[in-house]
């Protein structure tokens, strides 16, 4: 159980660098760089297939790029939570274990698998599905506790901005590489949708986590007692309250426009290809 990590590089991290006084070096020592490289290679492969422009590669390339990109963004989201907690004072072994980028560390049977799949299939909503269990008592201040919760959505926003780069630097990107542009637009849509959803002040979402350290303890206890019903509330709001649904999707669409991505490309071309089973 306590054997040396076979994936840890002696060249890049000689000695016991996980105990380094430099937090960046200490965090980097926990990262399984082979997993990161695997994600990058897979994403690069699907980007390459979509650049070929063949219709027979459009569906598998889009599905592959969006799913792999989404899982990678999930790992980045939870890594951001754990890394911020580590810098904020939580050096526990359990928190450090979330710095590896291993998707299996973030799995929860409902939050990680069932709900994200249901939300994506029904409405194309990017619901972050990770589950990390940090040690808030070890974090040095309320400001750091808020920063830990904010770090995940900020990482999703960063991924969305990276997806938007081709649209910014190449005005004709969609017309030259329509398959890749649609897939990137859809992946960006999921990221922005996750940011907007996650910032809602509803437990157990990160929006509530940002506010929670500043709330009276009795209110925190009441909020956590109903946290298990937070996702049910979201489902009801987004599917059965037209005003809430319209406000949510219009906000996501407006934010996509801000980063130079046409929501129509994301939903008509990207989601239309991704949900190939509804054709």
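The values are calculated or read from the model by the stated rules, or taken from the named source; none is laboratory data. Everything numeric here is computed off the predicted structure, so don't read it as measured data. Positions of Cβ are backbone-derived with ideal geometry, glycine not excepted, and every protein chain shown enters the neighbour counts.
At a glance:
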{"read-out": "Unmet criterion (only one of (1) closer than 30 Å to residue 141 by Cα; (2) at pLDDT 90 or above; (3) in contact with a helix residue (DSSP H, G or I) (Cβ under 6 Å, 6 or more places away or on another chain)) for residue 202", "value": "(2)"}
{"read-out": "Filter result for residue 146 (modelled with pLDDT of 90 or more, under 18 Å from residue 195 (Cα atoms) and more than 16 Å from the chain's Cα centre (by Cα))", "value": "yes"}
{"read-out": "Count - residues of segment 164-201 that are assigned to a loop (DSSP other than H, G, I, E, B) and in contact (Cβ under 8 Å) with a residue 12 or more places away in the chain", "value": "3"}
{"read-out": "All positions within segment 210-230 that are modelled with pLDDT under 90 and in contact with a helix residue (DSSP H, G or I) (Cβ under 6 Å, 6 or more places away or on another chain)", "value": "220"}
{"read-out": "Residue in segment 217-230 that is more than 17 Å from residue 77 (Cβ to Cβ), surrounded by 20 or more Cβ atoms within 10 Å (Cβ to Cβ) and touching a residue at least 24 places away in the same chain (Cβ under 8 Å) present", "value": "no"}
{"read-out": "Which numbered condition residue 182 misses (of (1) under 30 Å from residue 43 (Cα atoms); (2) surrounded by 16 or more Cβ atoms within 10 Å (Cβ to Cβ); (3) within 16 Å of the chain's Cα centre (by Cα))", "value": "(3)"}
{"read-out": "Segment 40-67: number of residues that are at negative phi and either in contact with a strand residue (DSSP E or B) (Cβ under 7 Å, 6 or more places away or on another chain) or surrounded by fewer than 19 Cβ atoms within 10 Å (Cβ to Cβ) (or both)", "value": "18"}
{"read-out": "Meets criteria (without any contact (Cβ under 8 Å) to a residue 40 or more places away in the chain and in a helix (DSSP H, G or I)) for residue 271", "value": "no"}
{"read-out": "Verdict on residue 161 being under 18 Å from residue 251 (Cα atoms), assigned to a helix (DSSP H, G or I) and out of contact with any helix residue (DSSP H, G or I) (no Cβ under 6 Å at 6 or more places or on another chain)", "value": "yes"}
{"read-out": "Only one of 169, 236 that is out of contact with any strand residue (DSSP E or B) (no Cβ under 7 Å at 6 or more places or on another chain) and modelled with pLDDT of 90 or more", "value": "169"}
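Matching residues to (1) touching a helix residue (DSSP H, G or I) at 6+ places or on another chain (Cβ under 6 Å); (2) part of a helix (DSSP H, G or I); (3) at pLDDT 95 or above:
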| position | (1), (2), (3) |
| --- | --- |
| 42 | yes, yes, yes |
| 73 | yes, yes, no |
| 84 | yes, yes, yes |
| 114 | no, yes, no |
| 125 | yes, no, no |
| 128 | yes, no, no |
